[in-house]
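The values are calculated or read from the model by the stated rules, or taken from the named source; none is laboratory data. Remember, predicted model here, so these are calculated numbers, not experimental data. Note: ideal-geometry Cβ built from the backbone for every residue, glycine included; neighbour counts use all protein chains shown.
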Amino acid sequence: MTQNNTQPFPRIDDTAIRERAWKTPPARHLEGEERQQMLEKVRRLLKEQDAVLVAHYYTDDDLQMLADETGGCVSDSLEMARFGHAHPASTIVVAGVRFMGETAKILNPEKRVLMPSLEAECSLDLSCPADVFSQFCDAHPDRTVVVYANTSAAVKARADWVVTSSIATKVIKHLAAKGEKILWAPDRYLGSYVQKVTGADMLLWQGSCIVHDEFKASALAKLKQAHPEAAVLVHPESPDDVIRLADVVGSTTQIIQAATELDNPTFIVATDNGIFYKMKQAAPDKLFLEAPTGGIGASCGSCAHCPWMAMNGLENLAHTLETGDNEVQVDAETGKQALVSLNRMLRFAEAEKMAATGEANIASPA
Ligand code: SF4
């Protein structure tokens, strides 16, 4: 059943969010001796504080390297959530944006969760305020509420399901097969993509990612023409016309996997360029090109790099470990409610993995 009830209600004007985001100063990039000393300091503090570093693919190369070499993990938000929960450390340091820290706290209320900056936000989260969203849900009581992981704890608490981009299509297919109608938030492009793939009846919130929104289809088509040997890998937070040019549409983990599995010598990649660190590790003999954004020849106001992810650096990572500042707090009742919708996703992912491999290896909290 296909349904196109995608009227933009309520209207989201995120102009101010965008302007503020692109003016956000990145963390200071360290080099030489100063960098070495700070790397050493973080290694020592992680041990002293019984802490594990969990970093997103979009963070700075140094943070990804540290997470890997100190026994932490670098991954997408679903895997970050699983890993932090399963790890025995009493402190989880989340290098990423605020909703990732909140998710870690919801899954681990007994652990201390720290972040290099609590001001690292996300346009999807910001464009879906919990009170307005709740009214929207109240107006559509016949719909199952499915929200993307890029939302606040309060929005997750209002939802029936939380999903990440790696599992969204499977969850919606599963719900649609049971005849459920969906209220989806907040990313309109991911929602529209999932709707096309599954044919589900979906009512879409109208948020978007300020980074993926900048990829331009016409410039991408030209780049593709200039590189006929290349495969185009696109994250589904990108606009519909960019997705249409993709050879592979997938989450960050699926994009990295595609680079290792496809024979193409070159890949044009439409997602945050922080992912290149892991892509180059995974496929060192391949060439990776950034998909064009509106920023070509212009200011860095639309580079393919999230200004909030760029707030994570070595200095504020060491600072949070040293002082305990920037501890993530989630109201206990909100966390309890959000855990229900998060657990649905984790259990679904576990069942999917068991079906594929015959064994369970995902930590699913009770
Ligand atoms: S890249 Fe986009 S979706 Fe990811 S944190 Fe930044 S603004 Fe949010």
remark   = Filtering the range 263-273 down to residues that are in contact (Cβ under 8 Å) with a residue 12 or more places away in the chain and either surrounded by fewer than 23 Cβ atoms within 10 Å (Cβ to Cβ) or of a type in the set (S, T, N, Q) (or both) yields Asn264, Pro265, Thr266, Thr271, Asn273
inquiry  = Of all residues being under 18 Å from the mean Cα position of the chain (by Cα) and assigned to a helix (DSSP H, G or I) in the range 304-338, which is nearest to the ligand (Cβ to nearest atom)? Just the residue, please.
reply    = Met309
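Could you check the range 43-133 for helices (runs of 4 or more DSSP H) lying wholly inside it with 2 or more residues that are more than 16 Å from the ligand (Cβ to nearest atom) and not acidic (Asp, Glu)?
Passing ranges, in order: 61-69, 77-86, 98-107.
Take the range 232-249 and flag every residue that is within 16 Å of the ligand (Cβ to nearest atom) and either out of contact with any strand residue (DSSP E or B) (no Cβ under 7 Å at 6 or more places or on another chain) or hydrophobic (A, V, I, L, M, F, W, C) (or both). Explain how you work it out, then say what you get.
Initially, the range 232-249 is screened for residues within 16 Å of the ligand (Cβ to nearest atom), giving 233-239, 242-243, 249.
Passing the criteria: Leu233, Val234, Val242, Ile243, Val249.
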ask   = What is the number of the single condition among (1) away from the ligand (no atom under 14 Å from the Cβ); (2) touching a residue at least 24 places away in the same chain (Cβ under 8 Å); (3) part of a loop (DSSP other than H, G, I, E, B) that Tyr193 does not meet?
value = (3)
ask   = Could you list, in sequence order, the residues of the range 346-366 that are small (Gly, Ala, Ser) and modelled with pLDDT of 60 or more?
value = Ala349, Ala351, Ala355, Ala356
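Please verify whether the range 216-228 includes one or more residues that are of a type in the set (Ser, Thr, Tyr) and either crowded, with 18+ Cβ neighbours inside 10 Å or part of a loop (DSSP other than H, G, I, E, B) (or both). Explain how you work it out, then say what you get.
Taking the range 216-228 as the starting set, the residues that turn out to be of a type in the set (Ser, Thr, Tyr) are 218.
Among the residues that remain, those that are also either crowded, with 18+ Cβ neighbours inside 10 Å or part of a loop (DSSP other than H, G, I, E, B) (or both) are: none.
No, the range 216-228 contains no residue that is of a type in the set (Ser, Thr, Tyr) and either crowded, with 18+ Cβ neighbours inside 10 Å or part of a loop (DSSP other than H, G, I, E, B) (or both).
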